[in-house]
Amino acid sequence: MAAKMAKKTSSETDEILAKSVDSRIKKIVERALARNILGLTLQEANLDIEVGPTPKELVYTRDSLRLYHYRPMVDEIYRIPLMIVMSPVARGYILDLAKGQSLIEYLLLQGYDVYLMDWVPPRREHSHLGMRDFALDLIDESIASVQGNSGETDVTVIGYCMGGLLAAMNAAVHHDGPIKNLVCFATPVNSNGMALYKKWADSESFDIDLIVDELGIIPGDMIGASIQALRPLQKQANQMQLLNNAQNDTFVKASMRFDRWAAEQLPIPGELARGMFRDFLRDNKLVKNEYMLGDQRVVLGNIQIPFLHVAAEYDHIVPTAASSDLVKMVGSEDKQEIVVRGGHVSLVAGGNAVYRLWPQLDQWLGLRSV
Amino acid sequence: MSSNEKIEPMQMWREWFVKSEKAWSQALTDMMGDERFSQGMGKYMQEALHSHRMFSEAMSQYLANLNLPSRSDVLDLGDRLGQIEDTLAALQVELRDQRKLFVNAKFDADAVSANTDPRPARTKQPPSKA
């Protein structure tokens, strides 16, 4: 009798358990389906998601350079115009990702006259363009265009990542030139701080000449893969975070904009890649004051203008070990470094940058833009 | 929502992955920094580039025999289009500059300035000085 009772109780328990497991599985499947359907809807709706919404006009073009002027948003602006030098390996719209998530929009609203040196994919005829062309000729011509367009002789230059490197090189060579203030975001100067790239560059088996001679233009996919190698699983982690936040429209849209930007790495001219690889990464000439642009030596100590460097504490692309020497080497008396929490991209496009970093940038620039 | 509904094994796994991603990535990056990996990658690149060249040459010959354009032909066409776009962009800039000169010269200023955005005054002072 007792055995019968025990058997019955056991079968009832099994039944309840089975129902519970069934219901759990059903809920998991329903939730997964709802999430995937929502994800697909958003994916479809945002395939042509708008980026770079701030109105602008083209003021100068040469080779892969596009110099844009953003339409002022206030009635009174600072005297000195700002020219932003974007990294030649990345699309400039990261600085103007969306309304309310745009460094450029923020600067315009604070009263700055903003110009952007942006890049389009170079063609095979541009494969000979090297570091000198980018750091001197193209920046010089852009500054001349800004001067002509704004009617002002002084220009403040802001460089992001490799754009900062180009701007700093220009300011070091033309130390008595028209650049009035210089701001660099996450700018590498010491390749010893970029451990993986340095190891690759030092390896004799890595033949940059063969790659450049064979390809002419280094494909964006190759640049993207080398950046991804610095944090190989980040993309997967981002996708999982996206799934976990699939019900949050704002998160999904922001994530898709970032994904689009990250997937659109720009190709670069072979000569530029060769210069970066040999002189900067392998021989680390910049910190040794041995970097030559044509017949002109780049000595960062020659920079005497007000200088600000902004670095991110958790930047895995340009670690602080690669950028912290910049502020030490620059010869200006008026120089400052701001290190904020966050990563390489969050400096210019992160949700918190608008509250944390950008007001500090505005304060620094405002005092020096009159 | 009951507490049961909050438990989702896949979500928990994803959260664990996101949290531990940095450590896994660092381990992989360390592996890629190894000299043997650099040598292997260098060798792979060399082989890939050589085979790419051989395959491209063979394929372009084959496509030519079929009277079809090769990748190189398509790239040539892309370059030509790019040059045309560049010229158009330069013309656009030139036209705008000419228009500004036209306005500045006050030639028929009333008619033109109606379509021209006035530039804001460059007199702004930082908040602390204002």
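What Kirkwood hydrodynamic radius do you get for the range A:250-334 when you take the inverse of the mean 1/r over all pairs of distinct Cα atoms, in Å?
15.7 Å
Could you work out, residue by residue across B:16-22, how many beta carbons of other chains sit within 10 Å of that residue's beta carbon, and then give the average as an integer?
Working: counts 1, 6, 9, 1, 2, 10, 6.
Average per residue, whole number: 5.
Could you compute the net charge surrounding A:Ile77? Neighbours are other residues with a C-beta less than 9 Å from the C-beta of A:Ile77; K and R count +1, D and E count -1.
With Lys, Arg at +1 and Asp, Glu at -1, the neighbours total +1.
Quick check: pseudo-label points 7 Å beyond the Cα along Cα→Cβ at A:Glu290 and A:Phe251, how many nm apart are they?
A separation of 5.0 nm, rounded to one decimal place.
Considering only A:Ile217, A:Tyr314, A:Leu182, whose Cα is most displaced toward the positive end of the charge dipole of the protein assembly as shown, charges sitting on Cβ of Lys, Arg (+1) and Asp, Glu (-1)?
Towards the positive end, the residue furthest out is A:Tyr314.
Averaged across A:200-211, how many Cβ atoms of other chains sit within 10 Å of each residue's Cβ atom?
Partner Cβ neighbours, averaged per residue: 5.
Where Lys and Arg each count +1 and Asp and Glu each count -1, what net charge lies around A:Pro178 among other residues with Cβ under 10 Å from its Cβ?
-3
Would you mind giving the three semi-axes, in whole Å and largest first, of the ellipsoid equivalent to the protein assembly as shown according to its Cα gyration tensor?
Equivalent ellipsoid semi-axes, largest first: 46, 31, 26 Å.
Percent antiparallel among DSSP beta bridges with both residues in the protein assembly as shown, to the nearest 5?
Given both bridge residues lie in the protein assembly as shown, the antiparallel proportion sits at roughly 40 percent.
Which order do the peptides A:148-158, B:24-34, A:353-363, A:180-190 take when ranked by the mean count of other beta-carbon atoms within 10 Å per residue, highest first?
Per-residue mean Cβ counts within 10 Å order the peptides as A:180-190, A:148-158, A:353-363, B:24-34.
Can you list which of the trypsin sites (Lys or Arg not before Pro) found in the range A:57-131 are DSSP loop residues with at most 14 other C-beta atoms within 10 Å? Walk me through the numbers on the way to the answer.
Values: sites: A:Arg62, A:Arg66, A:Arg79, A:Arg91, A:Lys99, A:Arg123, A:Arg124; in loops: A:Arg79, A:Arg91, A:Lys99, A:Arg123.
Counting only loop positions with at most 14 other Cβ atoms within 10 Å, the trypsin sites (Lys or Arg not before Pro) in the range A:57-131 are A:Lys99.
Roughly how big is chain A's charge dipole about its Cα centre, with Cβ charges of +1 (Lys, Arg) and -1 (Asp, Glu), in debye to the nearest 20?
For chain A, the charge dipole is close to 1760 debye.
Sort A:111-117, B:78-84, A:298-304, A:198-204 by packing, meaning the average of other beta carbons within 10 Å per residue, with the highest value first.
A:111-117, A:298-304, A:198-204, B:78-84
Output the pairs from A:Lys180/B:Lys124; A:Lys56/A:Lys285; B:Lys100/B:Lys124 with a Cα-Cα distance over 28 Å in this structure; if there are none, say none.
A:Lys56/A:Lys285
Across peptide B:72-78, how many C-beta atoms of other chains are within 10 Å of each residue C-beta, on average? Working shown, then result.
Values: counts 1, 0, 0, 3, 1, 0, 3.
Counting Cβ atoms of other protein chains within 10 Å of each residue's Cβ and averaging gives 1.
Put +1 on the Cβ of every Lys and Arg and -1 on every Asp and Glu Cβ in the protein assembly as shown; which of B:His50, A:Gly164, A:Ala262 then has its Cα farthest towards the positive end of the dipole?
Checked the options; the winner is A:Ala262.
Laboratory data are not the source of any read-out in this text; all were calculated from the coordinates shown. This is a predicted model, so every value here is computed, not measured. When we count neighbours, we look across all protein chains shown, and the Cβ atoms used for this are built from the backbone with ideal geometry, even at glycine.
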